[in-house]
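These notes concern the structure reproduced below.
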Amino acid sequence: MIDLHTHTTASDGQCTPAELVARAASAGVEVLSVTDHDTTAACAPASAACARAGIEFVAGIEITAVVDGADLHILGYFIDPAAAALGAFLTEQRGRRLDRVRRIIERLSEHGIHLDVEAVLRPGTDDRSKAAGRPWIARAMIAAGHVATIAEAFDRWLSTGRPAFVARLGPTPEVVLREIHHAGGIASLAHPGLLGRDDLIPGLAHAGMDAIEAYHSKHRPDDTVRYITFADRLGLAVSGGSDYHADPNATIRIGGASLPRELYEALKTRRPSG
């Protein structure tokens, strides 16, 4: 199995890097990438744990860009997690995330849902390498008895068009592509089937995007075929992974939506030489 899309407690996952790798090893994963949102904090411990487990590790990230007021996620692979310019860029991204969480919690309070904002944000304020996000709010809402699941929190309150939604401020996709390339990586559009903006794909390819995530836990088989066809037509490589967060009540499993080996080998050839 090859899983190039997973998350840890450094962003919105519920496994530490070591726990994630242990689960990957138990599932039979042979190649693993940690792609936390706007942080590379988990790359070093995950890499070390993979080395001990005999798993090939790919340093990765998932960076949020903004198009027409909506989120667009771009995966970076084979990056240098310690690249200084990338680090500075991600620090700004995480600062915007903290601000957004505060504003969402303010919106919730206007609707009678009162959460301790400092408690929700504490992991990200105590450790500035961690990336805050809406799942942190959803888990606080569950703990306070306002909703039963993360899915309910998003469906009723946190998703686009819902009462507590706050649009994100962030960079354009072109800026994100540039940052990934400057860090020595290749860039892939995350879960395009969930984005619902296939019209953007040719422009992203023209702007330098290297790949597209055709394999994903929430893609239907016809989605996978469609995005492989996009990749063939536009000269892109193909990536794939589970998008595993270890959320309770979720059906996504680590190692799911495994990328075929031949497509992984083709993806690796996109890495910059030198």
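The values are calculated or read from the model by the stated rules, or taken from the named source; none is laboratory data. These figures come from a predicted structure and were not determined experimentally. Here the Cβ is made from the backbone with ideal geometry for all residues, glycine too, and neighbour counts use every protein chain on show. Side chains are part of the model used for accessible areas, which takes the heavy atoms of the whole protein and leaves out ligands, DNA and RNA. Shrake-Rupley method; radii C 1.70, N 1.55, O 1.52, S 1.80 Å.
Considering region 258-274, and only residues there that are over 17 Å from Glu62 (Cβ atoms) and assigned to a helix (DSSP H, G or I), the residue that is least open to solvent (accessible area, probe 1.4 Å) turns out to be Tyr264. Scanning region 14-52 for residues that are small (Gly, Ala, Ser) and surrounded by 24 or more Cβ atoms within 10 Å (Cβ to Cβ) returns Ala24, Ser33, Ala42, Ala46. Of the residues that make up region 69-89, is at least one free of Cβ contacts under 8 Å to residues at least 12 places away in the same chain and charged (D, E, K, R)? Scanning region 69-89 turns up no residue that is free of Cβ contacts under 8 Å to residues at least 12 places away in the same chain and charged (D, E, K, R). Within region 9-27, being in contact with an Asp or Glu (Cβ under 6 Å, 6 or more places away or on another chain) and among the hydroxyl-bearing types (Ser, Thr, Tyr) holds for one residue alone: Ser11. Looking only at residues in region 176-197 that are open to solvent by less than 40 Å² (accessible area, probe 1.4 Å) and in a helix (DSSP H, G or I), the one that is farthest from Val225 (Cα to Cα) is Glu179.
For region 242-257, a residue qualifies if it is open to solvent by less than 90 Å² (accessible area, probe 1.4 Å) and out of contact with any Phe, Trp or Tyr (no Cβ under 7 Å at 6 or more places or on another chain), and the qualifying residues are Ser242, Asp243, Tyr244, His245, Ala246, Asp247, Pro248, Ala250, Gly255, Gly256. The residue list Ile105, Ile113, Ile137, Ile63 contains one member that is buried (at least 19 other Cβ atoms within 10 Å of the Cβ) and touching a strand residue (DSSP E or B) at 6+ places or on another chain (Cβ under 8 Å), which is Ile63. Can Ala167 be described as at pLDDT 95 or above, among the small types (Gly, Ala, Ser) and in contact with a helix residue (DSSP H, G or I) (Cβ under 9 Å, 6 or more places away or on another chain)? So Ala167 fails the test.
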